[in-house]
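Below is one structure, written out as structure tokens; comments come after it.
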Amino acid sequence: MCDTGDRQTTAAVLVKEPAATIVETLKDVTSYEGEDAVFECRLSRETTQDAQWFLGDVPLQSNEMNEIRVQGTCHTLILRKVTLEDCGPISFKVGQHSSAA
């Protein structure tokens, strides 16, 4: 705000978060039935952007079968005690960027 006594003007500052990019892509994982399968993806920066894991077209959530972790720029998906039904494409998406294995 600028106030000269008889006149006043104001302005706003908007700060946008730069988009994170994927700098370390997913790698294929082979596991035996009953073992855990671990997938990692590293971003260019920490971000508040929505990041999402998918098995096929199904979005994954942290629960007793899947663990999703975020430590700084490293995003990890652990599929617990995989079965043959878990075979398929895993993908990670953040903003307009994605990686698949």
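The values are calculated or read from the model by the stated rules, or taken from the named source; none is laboratory data. For clarity, every value in this text was computed on a predicted model and none was experimentally measured. Here the Cβ positions follow ideal geometry from the backbone for every residue, glycine too, while neighbour counts run over all protein chains shown. Accessible surface is based on the protein model in full, side chains and every heavy atom, while ligands, DNA and RNA are left aside. Shrake-Rupley method; radii C 1.70, N 1.55, O 1.52, S 1.80 Å.
Looking for whichever is touching a residue at least 40 places away in the same chain (Cβ under 8 Å), surrounded by 13 or more Cβ atoms within 10 Å (Cβ to Cβ) and among the polar types (S, T, N, Q) here; the options are GLN96, GLN52. Which one fits?
GLN52
Go through (1) touching a residue at least 40 places away in the same chain (Cβ under 8 Å); (2) under 28 Å from GLU17 (Cβ atoms); (3) among the charged types (D, E, K, R) for ASP86 and report which single condition fails.
For ASP86, the exception is condition (2).
Here's the yes/no breakdown for (1) within 10 Å of the chain's Cα centre (by Cα); (2) among the polar types (S, T, N, Q); (3) outside any loop (DSSP other than H, G, I, E, B):
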| position | (1), (2), (3) |
| --- | --- |
| VAL13 | no, no, no |
| LYS16 | no, no, no |
| ALA19 | no, no, no |
| LYS27 | no, no, no |
| THR30 | no, yes, no |
| GLU35 | no, no, no |
| PHE39 | no, no, yes |
| THR48 | yes, yes, no |
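Just to verify a result, which residue in region 25-49, among those that are in contact with a His (Cβ under 9 Å, 6 or more places away or on another chain) and open to solvent by 40 Å² or more (accessible area, probe 1.4 Å), is nearest to ALA101 (Cα to Cα)?
GLU40
Taking region 56-93 on its own, how many of its residues are assigned to a loop (DSSP other than H, G, I, E, B), at negative phi and open to solvent by 90 Å² or more (accessible area, probe 1.4 Å)?
So the answer is 5.
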